[in-house]
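What follows is a single structure, written as structure tokens, with notes after it.
The values are calculated or read from the model by the stated rules, or taken from the named source; none is laboratory data. The shown structure was predicted, so the numbers you read here are calculated from the model rather than taken from an experiment. Quick reminder, even Gly has a Cβ in these numbers, built from the backbone with ideal geometry, and neighbours come from all protein chains shown.
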Amino acid sequence: MLELCRGRNPGTAPVSRLRRRNCPAGGYVSRVITDEQRRARLGVRHGLATRVGSALEAARAVVCLHATEPATPYLSVWARTGLGRAAFDQAMYTDRELVKQLAMRRTLFVFPREVMPAVWGSASARVADQIGPRLAREIERCGLAEDGGAWLNRQDAAVRSALRQQPMTTADLRAAVPELDQRMVLSPGKPYEAEVAVANQAITVLAATGRIQRGANRGTWRSSRPEWTTDDDWLGGPATPLHPEEGYRHLIGAWLRQFGPGTEDDIVWWLGATKSVVRRALADLRAVEVQTGVGPAFVLPDDVVDPSDDLPEPWAALLPVLDATTMGWKHRDWYLGDHAGQLFDGNGNAGTTAWWNGRVVGGWHQDPDGVVVVDLLEDVGADATAQLTDRAVELTDWLAGEIVGTLYPSPLSRAHRS
């Protein structure tokens, strides 16, 4: 019989472990969660083995949807719901129960609205604290202002004042706030020297704080041209962040609920934060250490008995570039096998993926006519092939001839470009 007790990893705060009764004093026996059980959890909790009913539920299933590429959240919602693009637009732009926000690893995500205070106080605040001072120094170096921080504060006030009149695109804001309509050269003399618009950089800093929001999109579902607006106008009140510790604890708890078990490295990578932040949150959450195929990992204390021990029915899924499931862990062999070199680019960005029962077995691409074609990297048998083909037909109909491009093609998808 297993019972909770307290243990300590060297150099960390205490975390919960499992001890078998009548074992030698100080002896610990962690529960084992097998790779098969992890894949079952993934399928059930991420809305892939059995689809969920709404765009909001799809986002909650993976904590947040990747949105670096405008089409990805639409395709991620389709994979988990089967719903059309209007369902995402309704949740995002009409009901506003989903919110776009720059957060972990300086990446754009779509979050359920209820978690935004945690995000603003933790991951987004970290991003703002990183990029704000850096931009201030660049402004000073380029001679745009003697005090870059004060300059940014003036632009913050000017931008919010302009947006209180009406929502505006970045181009609109450059016209309304002339100081933003300047350019500067970053990394002069380096091979990666680049001339950039000051407006884009400054607005990114302001958006990271939550004080301005990405409102309606003037682009298509496959492009991004947001109308910026204030937090008061878009969300009905000011962006009020939680204390950083509370925000991180909330985010890490949400991740463990949907992605656990996860190693410390997995959580540090996903969160884009430090080990000390992660260890403190794990201790506060009383996270339980378990054993997995990649070594010790953590689950929430009420999640030791695996609700996914009963394996779901066989399932197939086609996920888009940078999908939150594919990108959810640092250690990926238990679901990716030896396919990383074919499905991830050199910077660690995931391309399209084809899944069978919690394992990535290939990718997919569109032919010149927009037909979705599954690209298998292993023999998965007739049943799996048939289900993946059905998903490809469904996605072809959903896309209705529109071709989805990407800035992050995997080696496998590049091989199929005409």
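Which number in (1) of a type outside the set (S, T, N, Q); (2) at pLDDT 95 or above; (3) farther than 30 Å from ARG31 by Cα; (4) surrounded by 14 or more Cβ atoms within 10 Å (Cβ to Cβ) marks the one condition that GLY358 misses? Single failed check for GLY358: (3).
Being surrounded by fewer than 19 Cβ atoms within 10 Å (Cβ to Cβ) and either part of a helix (DSSP H, G or I) or among the aliphatic types (A, V, I, L, M) (or both), is that true of even one residue in the range 59-80? No. Out of the range 86-129, which residues are buried (at least 20 other Cβ atoms within 10 Å of the Cβ) and more than 30 Å from THR274 (Cβ to Cβ)? The answer is PHE88, ALA91, MET92. Scanning the range 34-58 for residues that are over 17 Å from the mean Cα position of the chain (by Cα), of a type in the set (D, E, K, R), surrounded by fewer than 23 Cβ atoms within 10 Å (Cβ to Cβ) and in a helix (DSSP H, G or I) turns up ASP35, GLU36, ARG39. Scanning the range 158-212 for residues being touching an Asp or Glu at 6+ places or on another chain (Cβ under 6 Å), basic (Lys, Arg) and assigned to a loop (DSSP other than H, G, I, E, B) gives a total of 1. THR406 meets all of the listed conditions (1) in a strand (DSSP E or B); (2) in contact with an Asp or Glu (Cβ under 8 Å, 6 or more places away or on another chain); (3) β-branched (Val, Ile, Thr) but one, namely (1). Within the range 171-221, being modelled with pLDDT under 95, within 27 Å of ALA125 (Cβ to Cβ), touching a Leu at 6+ places or on another chain (Cβ under 9 Å) and among the charged types (D, E, K, R) holds for ARG174, GLU179. The residues of the range 234-264 that are of a type in the set (Val, Ile, Thr) and not in a helix (DSSP H, G or I), listed by number, are THR240, THR263.
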